[in-house]
Amino acid sequence: MRRKLAAGNWKMNGTTANLAEIEALAAAHPAPRCDVLICPPATLVAQMAWKAGKGPVAVGGQDCHPEVSGAHTGDVSAAMLADAGARYVIVGHSERRADHGETDALVRAKAEAAHAAGLVAIVCVGETETQRDAGETLDVIGAQLEGSVPAGATSANTVIAYEPVWAIGTGRTPTLDQIAEVHDFLRAGLAKRFADAGDMRLLYGGSVKPSNASEIFATSNVDGALVGGASLKAADFGAIVAALDAS
């Protein structure tokens, strides 16, 4: 059985005061059946890892540079994240692809850097509304999967997150059939390249909240969620963790 994963992406939100949410989350869910992860801004990774300690909440980064070090002002390497206490890193999030022009090749290089640093790479894929309306969803996601996931990916070092761009932060979600179609497609696509594709975790992301989590988690090949805004508060994210535990 694949161990399920509830991952929270705080994006550009949070200061030291918000670390109390981690303590509240750990106190409310001291022994979850699923893995629980929070990816805060880089400024909070080390402090959050210290607060989380050996408790139920793992810590991750939101992005990393493909190089280990060098003249890359403002960037953070995967090795630096690992040194700060991170265990995971998100790569290829749609906001990075759109706002920073990240290509599949760059995302793949970042995932490789994450693996080299001992981090689990959460590789994001997803279509825009225009692509969805044009019937290009599976073509787009197939190309992203092929171009973004490195050959060295395994179920131990890689998680795939499907995030339809048009559903992120909008309150809109695809139908359950649409989510299942993409997740089944991802599983089949991974199976063509990786011997342990059946053990790779597939997350759904895009306006996941307590009110819709249970039905999403009951969908074919959904092994958890990559959660945005609802992960900022322990009560909301805890309810999603509980729904995943019950699924």
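The values are calculated or read from the model by the stated rules, or taken from the named source; none is laboratory data. Keep in mind that what you see is a predicted model, and the values were worked out from it rather than measured. Note: ideal-geometry Cβ built from the backbone for every residue, glycine included; neighbour counts use all protein chains shown.
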Checklist entry - Mind checking which pairs have a first residue in segment 203-215 that is closer than 22 Å to residue 90 by Cα and a second that is part of a loop (DSSP other than H, G, I, E, B) and among the aromatic types (Phe, Trp, Tyr), Cβ under 8 Å, 6 or more apart or different chains? => result none
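Residues that are out of contact with any Asp or Glu (no Cβ under 8 Å at 6 or more places or on another chain) and closer than 20 Å to residue 233 by Cα: find the helices (runs of 4 or more DSSP H) completely inside segment 1-86 holding 2 or more of those. Full working, then the answer.
On the way: elements: 20-28, 45-52, 78-84.
Per the criteria, 20-28, 45-52.
Taking the conditions exactly as written (aliphatic (A, V, I, L, M) and more than 15 Å from the chain's Cα centre (by Cα)), does residue 19 satisfy them or not?
Spelling it out, residue 19 is indeed aliphatic (A, V, I, L, M) and more than 15 Å from the chain's Cα centre (by Cα).
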Item to check | Scan of segment 1-47 for residues that are out of contact with any helix residue (DSSP H, G or I) (no Cβ under 7 Å at 6 or more places or on another chain) and modelled with pLDDT under 95, ordered by number | outcome: 1
Checklist entry - Quick check: anything in segment 52-60 of a type in the set (Lys, Arg) and either in contact (Cβ under 8 Å) with a residue 12 or more places away in the chain or in contact with a Leu (Cβ under 6 Å, 6 or more places away or on another chain) (or both)? => result no
Checklist entry - So how many residues does segment 53-74 have that are buried (at least 16 other Cβ atoms within 10 Å of the Cβ) and either under 22 Å from residue 93 (Cα atoms) or modelled with pLDDT under 95 (or both)? => result 10
Next on the checklist: Any residue that is of a type in the set (D, E, K, R), surrounded by fewer than 21 Cβ atoms within 10 Å (Cβ to Cβ) and under 26 Å from residue 24 (Cβ atoms) - is there at least one of those in segment 216-234?
Outcome noted: yes
Checklist entry - What tally of residues in segment 88-107 results from selecting those that are within 16 Å of residue 162 (Cα to Cα) and of a type outside the set (Ser, Thr, Tyr)? => result 11
Checklist entry - For segment 75-85, which residues satisfy the criterion of being out of contact with any Leu (no Cβ under 7 Å at 6 or more places or on another chain) and surrounded by 20 or more Cβ atoms within 10 Å (Cβ to Cβ)? => result 77
Item to check | Pairs where the first residue, in segment 7-20, is on the phi > 0 side of the Ramachandran plot and the second is of a type outside the set (S, T, N, Q) and in a helix (DSSP H, G or I), C-beta under 8 Å, 6+ apart | outcome: 11/95; 14/44
Checklist entry - Do any helices (runs of 4 or more DSSP H) entirely within segment 97-211 hold 1 or more residues that are closer than 20 Å to residue 87 by Cβ and either at pLDDT 95 or above or under 14 Å from the mean Cα position of the chain (by Cα) (or both), and if so, which? => result 104-116
Next on the checklist: Restricting to segment 157-202, give me the number of residues that are under 13 Å from residue 142 (Cα atoms), surrounded by 15 or more Cβ atoms within 10 Å (Cβ to Cβ), of a type outside the set (D, E, K, R) and in contact with a helix residue (DSSP H, G or I) (Cβ under 9 Å, 6 or more places away or on another chain).
Outcome noted: 7
Checklist entry - Going through segment 86-108 one residue at a time, which ones are crowded, with 19+ Cβ neighbours inside 10 Å and farther than 18 Å from residue 190 by Cα? => result 86, 88, 89, 90, 93, 94, 95, 97, 102, 106
Checklist outcome for this item: Residue pairs within 8 Å by beta carbon, gap of at least six or interchain, first lying in segment 132-147 and within 19 Å of residue 107 (Cα to Cα) and charged (D, E, K, R), second at pLDDT 95 or above and assigned to a helix (DSSP H, G or I), listed first then second, are 146/104; 146/189
